[in-house]
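Everything on this sheet refers to the single structure shown next.
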Amino acid sequence: MGAKIQGRKAHSRIRVKRRSIWKDRNSWELLLLCVPALVAYILFNYIPMGVAITIPFKDYKFSQGILGSEWVGLENFKWMLTSTSMTRVLRNTVLYGAWFMIIGPITNVIIALLLFEIRSRKTLKTYQTIITFPNFMSMVIVGYVTYAVLSPRSGLMNQILNLFGQDSVDVYMNPGYWPVILTIVNIWKGIGMGSMMYFASLMGVDPALYEAAEIDGAGRFQKMRYISIPHLIPLVCIFTILGAGSLINGNFDLFYIIPRNSTILYETTDILNTYVYRALQNGTYSMGATVGLVQSVVGMILVTGTNLIVKKISPENSMF
């Protein structure tokens, strides 16, 4: 017995010497396969990231280059804070971002629940195709479709109004209509793929739960409330965390193409992304980079903060 114990102790003292990956030829071959991806990642991600961090602190001139341009410290950030249009732009960006974060998951969950109730496979595929098709349309095409409906002269909406004896409405001259219009277009274009995520989650629910609920006398809405929706909460939390960064970073295509960049509509359609685009058109690259840097930093803070809130309320549904 004592000999066995001593043998175990001696065996435990023996350290297994692992071969270094730098001396292993097979490991070198695998590392060489990673080199192109690493080079591409550095060229197209880290170097542009360094440039994006540097330009906001310089009076960037295209002729002088990034390194040759003069350092100006926080002057570009002062411009951003003192700009007369910044209050309007920030208000629109934050309000639209918060509204889309609320209305998006609600509509997606409702559509997913409705699709899940369809028993005919052919009917289900038909509905899925119809609602998913706009997601694959270019925003330029969506812009033309929107204009065909809302055009003040020959738009479908005004033709219907005239048919019922009502006066035509020129929405392109009235900023008050556009929060509703942009919300409808955003939901219509994205609801297909958004609802598919929740629908896929519902397909993974154990059918025995629904069968047991039916035996207990649960109706269709009770099964939705107590079985389907609780299974979607983790997915809602993940999408909310990921979407928190868009609170300060709106969809450029939606706010630029759909209103047709009309200056009359800037009151309700101008966001940070469109504001930066106009700054770049005027050659103010430093100011555009400044706004982009602020968006990135604030977006990171929002994502981290949202994750901490979710972690505090429901730790199992947080991302990290």
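The values are calculated or read from the model by the stated rules, or taken from the named source; none is laboratory data. Being a predicted model, the structure only gives us computed values, none of them experimental. Note: ideal-geometry Cβ built from the backbone for every residue, glycine included; neighbour counts use all protein chains shown. The accessibility values were calculated without ligands, DNA or RNA, using every heavy atom of the protein model including side chains. Shrake-Rupley method; radii C 1.70, N 1.55, O 1.52, S 1.80 Å.
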Using modelled backbone amide H atoms (1.01 Å from N, in-plane), which distant-in-sequence or interchain residues come within less than 5 Å of LYS58's amide H?
VAL72
Under the definition of Cα pairs under 8 Å and six or more residues apart, what whole-number percent is the relative contact order of the chain?
24
If the chain between ILE233 and THR304 were fully stretched, how many nm would it gain, using 0.36 nm times the residue separation less the Cα-Cα distance?
23.7 nm
Relative contact order as a percentage, the range 124-191, C-alpha pairs under 8 Å and 6+ apart, gives 33
Could you point to the label whose value was computed as Cα extents along the principal axes in Å for the structure here, given (i) 56, 43, 37; (ii) 76, 47, 36; (iii) 105, 75, 38?
(iii)
If you rank SER154, SER262 by how much accessible surface each has, with a 1.4 Å probe, what is the order from largest down?
SER154, SER262
Under a 1.4 Å probe, what is the accessible area of the chain per residue, stated in Å²?
65
At 0.36 nm per residue, minus the direct Cα-Cα distance, what do THR126 and ILE42 gain on full extension? Give it in nm, one decimal, please.
25.8 nm
Ordered by number, the trypsin sites (Lys or Arg not before Pro) in the range 81-179 that occupy a DSSP loop and have at most 11 other Cβ atoms within 10 Å are ARG119, ARG153
Once both label points are put 7 Å beyond Cα along the C-beta direction, the GLU214-GLN281 separation in nm becomes 5.9
Please label the shape of the range 163-320 as rounded, prolate or oblate, based on the square roots a ≥ b ≥ c of the eigenvalues of the alpha-carbon gyration tensor (a/c under 1.5 means rounded; beyond that, a/b larger than b/c means prolate, else oblate).
oblate
Once each part is reduced to its C-alpha centroid, what is the distance from the range 67-91 to the range 93-158 in angstrom?
37
For the pair ARG225 and GLN159, what calculated FRET efficiency results from E = 1/(1 + (r/R0)^6), where r is the Cβ-Cβ distance and R0 = 56 Å, to the nearest 0.05?
0.85
Rounded if a/c under 1.5, otherwise prolate or oblate - the range 45-176, Cα gyration tensor axes
prolate
State to the nearest 20 debye the size of the charge dipole of the range 185-276 about its Cα centre, where the only charges are +1 on K and R beta carbons and -1 on D and E beta carbons.
140
Over the range 192-320, relative contact order from alpha-carbon pairs under 8 Å, at least 6 apart, %:
27
Quick one: check the C-alpha center-to-center distance for the range 173-199 versus the range 221-253, whole angstrom.
16
From zero outward in steps of 10 Å, how is the percent of C-alpha pairs of the range 129-168 spread across the bins?
30, 36, 26, 9
Given the -39500 (n - 2.57) contribution per DSSP H run of 4+ residues, what per-residue ellipticity at 222 nm results for the chain, rounded to the nearest 500 deg cm²/dmol?
-21000 deg cm²/dmol
Theoretical gain in end-to-end length, SER63 to ALA148 [0.36 nm per residue, Cα-Cα removed]
26.2 nm
Please list, or write none, the aspartates and glutamates whose alpha carbon is within less than 16 Å of the alpha carbon of LYS189, excluding same-chain residues fewer than 8 places away.
ASP253
Carbon and sulfur %, accessible surface of the chain computed with the full protein complex present, 1.4 Å
66
